[in-house]
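Input: a single structure, listed below in structure tokens.
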Amino acid sequence: MSTRPLTIVEAPRVLRPAAPEPPGRRQHQAVVVWNLDGTLIRRDTLLPFLRQVCGPIQVGRAVAVATGRRLARSGHDGPRARLLQQLLGARVTAEVDVVARRHAEDLFAHRLRADCLRRWQWHRHHGHRLVIVSSSPEVYVGHLGTLLGADTVIATRMASVNGRLTGRISGGDRRGAERARRVLAHTIERPAGLLWAYGNLPADRDLLDLADIAIQVRPLRHLNAMTDA
């Protein structure tokens, strides 16, 4: 009989120390996985980035095309993939990286949820390994992870050839079940103790189901009440 993970929506104060492990057995570090959009940051981070790269008019037109009903919607070629293909394809990687770094700095300075940032710092203080997982492009999520002091960033990678982005996603979009699969692979590669996950529903259902302790972050509510799910 399976047991559903514990859902907490209030900052934990003290964790009961784990029972000592037998001599010679490694005590693995707790891992804390954070979704980005809708969790660490309340709103979408992708469209503001694309507007900085391409301008609002071009982005608006691309969104209309990418979400048009006449376009095929099969396989992995969904609206987001088509949007990235149209707006980032053939752009110079170094030039996009300059915008990405600036975007990450703005997110870090002005867009982080204060309650989630306090929880992030709480985990850092307790020596937990911090991971950001996002379907947004690694080109700016990676810079944000560096600013936050994340140990690992798992984000959507954009393919590049000869110093230019192709617009294609490399290795699959880090969404839904694929997101959970990547986190599981990370914990296998670097064995973890207790696995925490922070996300917003329903987008992070697979990720939250994977965790020992799952924390649902609600867009319009601070993490200030505790509930057993």
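Coordinate-derived values only; no laboratory data. Nothing here was measured: the structure is a model prediction, and the numbers come from that model. When we count neighbours, we look across all protein chains shown, and the Cβ atoms used for this are built from the backbone with ideal geometry, even at glycine.
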The ³J(HN,Hα) series, computed from each phi in region 36-53 with the Karplus coefficients 6.51, -1.76 and 1.60 at θ = phi - 60°, rounded to the nearest Hz and given as x for glycine or proline, is 9, 5, x, 10, 4, 10, 5, 10, 5, 10, 6, 4, x, 5, 4, 5, 5, 6
Run the dipole for region 86-187 about the Cα centre, Lys and Arg Cβ at +1, Asp and Glu Cβ at -1, nothing else charged, and hand back the magnitude in debye, nearest 20.
-> 240
Full-extension gain in nm, ARG218 to ALA90, via 0.36 nm per residue minus C-alpha separation = 42.3 nm
Hey, got the dipole for region 91-149? About the Cα centre, +1 on K and R Cβ, -1 on D and E Cβ, debye to the nearest 20?
-> 280
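Under 14 Å from the Cβ of VAL98, count the other residues' Cβ atoms, weight Lys and Arg +1, Asp and Glu -1, and hand me the total.
Values: positive: ARG91, ARG101, ARG102; negative: GLU95, ASP97, GLU105, ASP106.
Result for the local shell: -1.
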5 angstrom amide H check on SER134, placed H, neighbours 5+ away = ILE154, ALA155, THR156
Any residue on another chain or 5+ positions along whose placed amide H is under 5 Å from the amide H of ARG129 is listed here as ALA30, VAL31, VAL32
Across region 101-112, in residue order, what do the Karplus-derived ³J(HN,Hα) couplings come to in whole Hz, using 6.51 cos²θ - 1.76 cosθ + 1.60 with θ = phi - 60° and x for Gly and Pro?
-> 5, 5, 4, 5, 5, 5, 4, 5, 7, 10, 10, 5
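Ranked from highest to lowest mean number of other Cβ atoms within 10 Å per residue, what is the order of the peptides 196-208, 106-118?
On the way: 196-208: 20.7, 106-118: 14.8.
Ranking the peptides 196-208, 106-118 by packing returns 196-208, 106-118.
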